[in-house]
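J.: Below are the structure tokens for one structure; questions will follow.
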Amino acid sequence: MPDIPRVVVRGEAVTEVLPDAADLVVTVQVRDRRRERALELLAERQQELNALLAAHRESLGAVSTDAVAAFPEAGEAGRVSGSVATTTTRVRVADVGAAGEVAVAVAGLTDVSVHGPHWRVSPEHPAHQEVRAAAVQDALARARAFAAAFGGRLTGLVEVRDAGGWGGGTVTAAFSSARSVPALELRPAPQEVPGQVEVTFTMSHPDQEVFAR
């Protein structure tokens, strides 16, 4: 039995939706001449941050500590003048409408800086499924065009693979701690949600006259 011809294509689609999640990256950094005191200050500032985040827990998702560091600080002539201690905490904001409020509240803490929000489209957003379906339709149209160009037609499906994509871009802002902070209204931009699939079809045998032209 002769081999059955196959058509392998990539289907693509993209849509734009408003983000439904955001990330904040919060850094606490303290300095002191004594290493022990720097670590004590860091623990105090981190507790203040944790308490503030707990007060906003209804608007938040996961909160995790990404990094902790303590290192000597060089002064004049390269001599050690003190110690620096830092923590980095990643905060997922489930309610995008509260992202500005949370960012400003955190930025109001002492020895704290905030980077974000990093807008995201969560994996659970229905746009992902919709764009994958559109990518499949794109692949089907391409495969039909290829088969028709050889005087044939599609006869079956062999395999479909999700070729992946990304969950939206990021728009960020940075805030440093201050004694008073203004109200901040953020307007997240629509995020691109792409879909890509690789599909293999079987097709009828091509018209031999195509190769004689």
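J.: When you check Gly169 against the structure, is it assigned to a helix (DSSP H, G or I), more than 30 Å from Ala212 (Cβ to Cβ), modelled with pLDDT under 90 and not basic (Lys, Arg), yes or no?
T.: Working: assigned to a helix (DSSP H, G or I): no; more than 30 Å from Ala212 (Cβ to Cβ): yes; modelled with pLDDT under 90: yes; not basic (Lys, Arg): yes.
Considered against the rule, which asks whether it is assigned to a helix (DSSP H, G or I), more than 30 Å from Ala212 (Cβ to Cβ), modelled with pLDDT under 90 and not basic (Lys, Arg), Gly169 comes out as no.
J.: When you check Glu124 against the structure, is it of a type outside the set (Phe, Trp, Tyr), part of a helix (DSSP H, G or I), surrounded by fewer than 20 Cβ atoms within 10 Å (Cβ to Cβ) and under 24 Å from the mean Cα position of the chain (by Cα), yes or no? First the steps, then the outcome.
T.: Details: of a type outside the set (Phe, Trp, Tyr): yes; part of a helix (DSSP H, G or I): no; surrounded by fewer than 20 Cβ atoms within 10 Å (Cβ to Cβ): yes; under 24 Å from the mean Cα position of the chain (by Cα): yes.
Against the criterion (of a type outside the set (Phe, Trp, Tyr), part of a helix (DSSP H, G or I), surrounded by fewer than 20 Cβ atoms within 10 Å (Cβ to Cβ) and under 24 Å from the mean Cα position of the chain (by Cα)), Glu124 does not qualify.
J.: Considering only residues of the stretch 189-209 that are of a type in the set (A, V, I, L, M, F, W, C) and touching a helix residue (DSSP H, G or I) at 6+ places or on another chain (Cβ under 8 Å), which is surrounded by the fewest Cβ atoms within 10 Å (Cβ to Cβ)? Even if it seems obvious, please write down each step before you answer.
T.: Here is the first cut: in the stretch 189-209, the residues of a type in the set (A, V, I, L, M, F, W, C) are 189, 193, 197, 199, 201, 203.
Okay, now just the ones that are also touching a helix residue (DSSP H, G or I) at 6+ places or on another chain (Cβ under 8 Å), so 193, 197, 199, 201, 203.
Numbers: Val193: 22, Val197: 24, Val199: 22, Phe201: 24, Met203: 20.
Out of the qualifying residues, it is Met203.
J.: Within the stretch 12-40, restricting attention to residues that are farther than 21 Å from Val121 by Cα and in contact (Cβ under 8 Å) with a residue 60 or more places away in the chain, which residue is surrounded by the most Cβ atoms within 10 Å (Cβ to Cβ)?
T.: Looking only at the stretch 12-40, we keep the residues that are farther than 21 Å from Val121 by Cα, and these are 27-40.
Okay, now just the ones that are also in contact (Cβ under 8 Å) with a residue 60 or more places away in the chain, so 27-30.
Values: Thr27: 16, Val28: 25, Gln29: 18, Val30: 23.
Ranking the candidates gives Val28 first.
J.: Another question, then. Between Arg79, Arg90, which is of a type in the set (Lys, Arg), touching a Ser or Thr at 6+ places or on another chain (Cβ under 9 Å) and more than 30 Å from Val160 (Cβ to Cβ)? Even if it seems obvious, please write down each step before you answer.
T.: Details: Arg79 fails: touching a Ser or Thr at 6+ places or on another chain (Cβ under 9 Å).
Going through Arg79, Arg90 in turn, just one is of a type in the set (Lys, Arg), touching a Ser or Thr at 6+ places or on another chain (Cβ under 9 Å) and more than 30 Å from Val160 (Cβ to Cβ): Arg90.
J.: Related question: Would you mention how many residues in the stretch 101-115 are small (Gly, Ala, Ser) and either touching a Lys or Arg at 6+ places or on another chain (Cβ under 9 Å) or in a loop (DSSP other than H, G, I, E, B) (or both)? Spell out how you get there, then give the answer.
T.: The first filter runs over the stretch 101-115 and keeps only residues small (Gly, Ala, Ser), leaving 103, 105, 107-108, 113.
Then drop every residue that is not either touching a Lys or Arg at 6+ places or on another chain (Cβ under 9 Å) or in a loop (DSSP other than H, G, I, E, B) (or both), which leaves 108.
Residues flagged as small (Gly, Ala, Ser) and either touching a Lys or Arg at 6+ places or on another chain (Cβ under 9 Å) or in a loop (DSSP other than H, G, I, E, B) (or both) within the stretch 101-115 amount to 1.
J.: When you go through (1) surrounded by fewer than 16 Cβ atoms within 10 Å (Cβ to Cβ); (2) hydrophobic (A, V, I, L, M, F, W, C); (3) assigned to a loop (DSSP other than H, G, I, E, B); (4) modelled with pLDDT of 55 or more one by one for Leu186, which number turns out not to apply?
T.: With (1) surrounded by fewer than 16 Cβ atoms within 10 Å (Cβ to Cβ); (2) hydrophobic (A, V, I, L, M, F, W, C); (3) assigned to a loop (DSSP other than H, G, I, E, B); (4) modelled with pLDDT of 55 or more applied to Leu186, the lone miss is (1).
The values are calculated or read from the model by the stated rules, or taken from the named source; none is laboratory data. Quantities reported herein were computed from a predicted structural model and do not represent experimental measurements. Please note: Cβ atoms are built from the backbone with ideal geometry, for glycine as well, and neighbour counts cover all protein chains shown.
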